[in-house]
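This report concerns only the one structure given below.
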Amino acid sequence: MSTRIGDAVSILGGVLGQAGRIALDRAQRRYLGPDDVPARIEELTPQWLEGVLRQRSPSARIAAISQLSADVGTTQRARFRVTYHSAQDAIALPASIFVKIAPADPRTRIFVSLFRLGPTEVRFYKEAAAALPVEMPGVYHAALSGGAERFVLILEDLAGSVQFRDTTTPADHQEARRVVQMLARLHAAFWESPRLTGDLAWLKSQQNNPTLS
């Protein structure tokens, strides 16, 4: 019983602490430079995105961005069309992007922060993704900021090239087979890998996954 009480107190302390950090973070409004992480989709300006993309292409100059779609869940997500000043940039850089940032709703934000969903995804793309033999979106930018764990991912927009399924659309035999094969390749890549006790030990740490015993 005492262990359960201790666990409950620990969880409550984590919730209250994270709630305080998030409240402070929401109260701090400032100009966003390329090293900052936006808190809302509306903060993604052409100037901010230009600064980010210049880390890949120093001459990048963005004329405008326009939002194509948006939805919310455990993250704020949106697709943007990007218009460049030069034809060279239009060839070298993405015509559209998919963006994920921390949720705006405080309760969802606390849940996401407690389970470190944002930091884990950012670190996955930065540290593990390149070693996996499966198809995944290209990453243009991945960053994390502060104790409130704001995060941003700018990914390849797959809307025009990938068919997204949901539970209302059944998969046929061949599609299910390809999914199982892909999952097998995914898990085999790091099966008993020494990296899981080395640079990728955070993937299995209790800090990142409180459900681990």
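The values are calculated or read from the model by the stated rules, or taken from the named source; none is laboratory data. Quick caveat: nothing in here was measured; it's all calculated off a predicted structure. Cβ: placed from backbone, ideal geometry, glycine included. Neighbour counts: every protein chain shown. These area figures cover heavy atoms from the full protein model, side chains too; ligands, DNA and RNA do not enter into them. Shrake-Rupley method; radii C 1.70, N 1.55, O 1.52, S 1.80 Å.
I need a count of the residues in region 163-202 that are open to solvent by less than 60 Å² (accessible area, probe 1.4 Å), aliphatic (A, V, I, L, M) and not in a helix (DSSP H, G or I).
Looking only at that region, the number is 1.
Tell me, which helices (runs of 4 or more DSSP H) lie completely within region 75-151 with 3 or more residues that are modelled with pLDDT under 90, open to solvent by 10 Å² or more (accessible area, probe 1.4 Å) and among the aliphatic types (A, V, I, L, M)?
87-92
Which ones in region 57-74 are of a type in the set (Gly, Ala, Ser), over 21 Å from the mean Cα position of the chain (by Cα) and open to solvent by 30 Å² or more (accessible area, probe 1.4 Å)?
Across region 57-74, the qualifying residues are Ser59, Ala63, Ala64.
Enumerate the pairs (first residue in region 172-190 and on the phi > 0 side of the Ramachandran plot and among the acidic types (Asp, Glu); second residue anywhere and open to solvent by less than 80 Å² (accessible area, probe 1.4 Å) and outside any helix (DSSP H, G or I)) with beta-carbon separation below 8 Å, excluding pairs fewer than 6 apart on the same chain, so at least 6 apart or on different chains.
Filtered contacts from region 172-190: no entries.
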